[in-house]
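Step one of this worksheet: look at the structure below.
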Amino acid sequence: MPSERATATTPFAAMDVLERAGEIDDVVHMEVGEPDFRPPAAATEAAVDALRAGDDDYTSSRGTASLRDAISRHYADEYGVDVPPERIVVTPGSSPALLVSMLAAVDPGEDVVLTDPHYACYPNFVRLADGTVRTVGLDPADGFEPNVADYEQVVDDDTAAMLLNSPGNPTGAVMDGDTLSGLVDLAERTDTAVVSDEVYHGLAFDAEEHSVLEYTDDAFVLDGVSKRYGMTGWRLGWVVCPPEYVDAVNRIAQNALICAPSFVQAGAEAAIREGTDWLPEVREDYRERRDILLDAAERWGFDLGYTPEGAYYVLLDVSDLGDPFDVADVFLEDAGVAMTPGPDFGEGASDCLRASFATSTEDVREAVERIDALLAETTV
Ligand SMILES: Cc1ncc(COP(=O)(O)O)c(C=O)c1O
């Protein structure tokens, strides 16, 4: 019989919708956060070269020295912060980075504070570490930005960690520097670990983004090449560890992960070293797609009254149409538009669908036309 832990792990609805959408022809995919642009050519060349050169052995569990050096430089260039390569552990995607961080920071029964809404997988990561989920509600009227005073009501000396995510999934909200530094202060006062998921960094199109590392060295920072470089299937991420946790994280990574694939590390290093001169264009595309969707959402009566500032998601309030699972089914089956039901992302998204605009601008326009036509002829 599966363990209690396995039984308590809920499915990831976006992947379930993706699977169902795969069985239907001609679907516009707005259910997953899969960037429509290709990885940098330099990444592909470096990975293929590495494979051809026989660079396919285990590496250090921490990642190759040259990749960790490239990541360290990335933090210096982007945020002006000094992150020694010794504090970086490379993992096969940022998801394993989150898992090893949780396992290193949380003892059984300890509280981990998430926002609500939050990335759908976070509660499962907390449960895998035998932690207890506590939440701080976010309000669309505040643009889904967290409020330090609300955290003060929930975080105390018994809290093991607060898990932050900016730019945020599923809201697209971007946390400002004052909020981040206020939360870092609170974490210091209560001896709470800060775990900051920065996987959407580089994709804020309407706000300035800050790394938590600008305010403290004492944080777990997760990032990777999936979103910023359009390399989701490469499976390459990392965690910057607080100095006192590096060895603990590495011990767990050694046992559970061995290392990230060696040739993928070579490709990721090339992508990171080459820089992201092309990203402003991507951000402009995302802003345009967001605006197309927000205009449509207002027309449809789905507008939540907030404006996503980054990542590539928007929450649409479909409560006037019915249960979001039913609405998602009708959108998929009758209009060929796949979106993810909101309840997976917490109570605060329970009336919503999450639409990803990582798909092309053309596809976003097509989805809007299809839903226009559907709503003109049916009641869901
Ligand atoms: C907030 C957030 N964190 C982490 C991940 C996982 O990213 P990776 O592909 O690096 O495992 C995702 C993927 O959608 C995400 O939305």
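Set side by side, the residues Leu304, Leu375 differ, and just one is at pLDDT below 95, open to solvent by 10 Å² or more (accessible area, probe 1.4 Å), among the hydrophobic types (A, V, I, L, M, F, W, C) and outside any loop (DSSP other than H, G, I, E, B), which is Leu375. Any residue at all in segment 356-366 that's touching a Ser or Thr at 6+ places or on another chain (Cβ under 9 Å), within 16 Å of the ligand (Cβ to nearest atom) and not in a helix (DSSP H, G or I)? Yes, that holds for at least one residue. Residues considered: Ser94, Ser72, Ser60, Ser66. Of these, the only one that is polar (S, T, N, Q) and without any contact (Cβ under 8 Å) to a residue 24 or more places away in the chain is Ser72.
Of all residues in segment 181-198, those that are more than 16 Å from the ligand (Cβ to nearest atom) have Cβ atoms under 7 Å from Cβ atoms of residues that are of a type in the set (Ser, Thr, Tyr) and not in a helix (DSSP H, G or I), 6 or more apart or on another chain, in Ser181/Tyr215; Val184/Tyr215; Val184/Thr216; Thr190/Thr159; Thr192/Thr159. Checked against the criterion of being crowded, with 23+ Cβ neighbours inside 10 Å, away from the ligand (no atom under 13 Å from the Cβ) and on the phi < 0 side of the Ramachandran plot, segment 254-266 has at least one qualifying residue. In the set (1) under 21 Å from the mean Cα position of the chain (by Cα); (2) outside any helix (DSSP H, G or I), Asp82 fails one condition alone, (1). Within segment 234-253, restricting attention to residues that are open to solvent by less than 10 Å² (accessible area, probe 1.4 Å) and in a loop (DSSP other than H, G, I, E, B), the residue that is nearest to the ligand (Cβ to nearest atom) is Leu236. Condition (residue is without any contact (Cβ under 8 Å) to a residue 12 or more places away in the chain and part of a helix (DSSP H, G or I)) applied to segment 324-346: is it met by at least one residue? Yes, that holds for at least one residue.
Do we find that Gly275 is touching a helix residue (DSSP H, G or I) at 6+ places or on another chain (Cβ under 7 Å), at pLDDT below 95 and of a type in the set (Gly, Ala, Ser) in this structure? The answer is no for Gly275.
Of the strands (runs of 3 or more DSSP E) entirely within segment 87-199, those holding at least 3 residues that are in the same structural domain as Arg235 (by the TED database), in contact with a helix residue (DSSP H, G or I) (Cβ under 7 Å, 6 or more places away or on another chain) and open to solvent by 20 Å² or more (accessible area, probe 1.4 Å) occupy 132-137.
Residue under question is Glu78, and the condition is that it be among the acidic types (Asp, Glu) and either within 30 Å of Asp218 (Cβ to Cβ) or in the same structural domain as Gly202 (by the TED database) (or both); does it hold? Yes: the conditions hold for Glu78.
In this structure, is Met15 within 16 Å of the ligand (Cβ to nearest atom) and open to solvent by 80 Å² or more (accessible area, probe 1.4 Å)? In short, yes.
The set of residues in segment 28-73 being open to solvent by less than 20 Å² (accessible area, probe 1.4 Å) and more than 27 Å from the chain's Cα centre (by Cα) consists of Ala50 alone.
Of all residues in segment 218-233, those satisfying the criterion of being hydroxyl-bearing (Ser, Thr, Tyr) and either in a strand (DSSP E or B) or within 8 Å of the ligand (Cβ to nearest atom) (or both) are Ser226, Thr232.
The values are calculated or read from the model by the stated rules, or taken from the named source; none is laboratory data. Predicted, not measured: the structure shown is a model, and the values here were computed from it. Neighbour counts run over all protein chains shown; Cβ positions are idealised from the backbone, glycine included. Remember, those area values only see protein heavy atoms, side chains included, never the ligands or the DNA or RNA. Shrake-Rupley method; radii C 1.70, N 1.55, O 1.52, S 1.80 Å.
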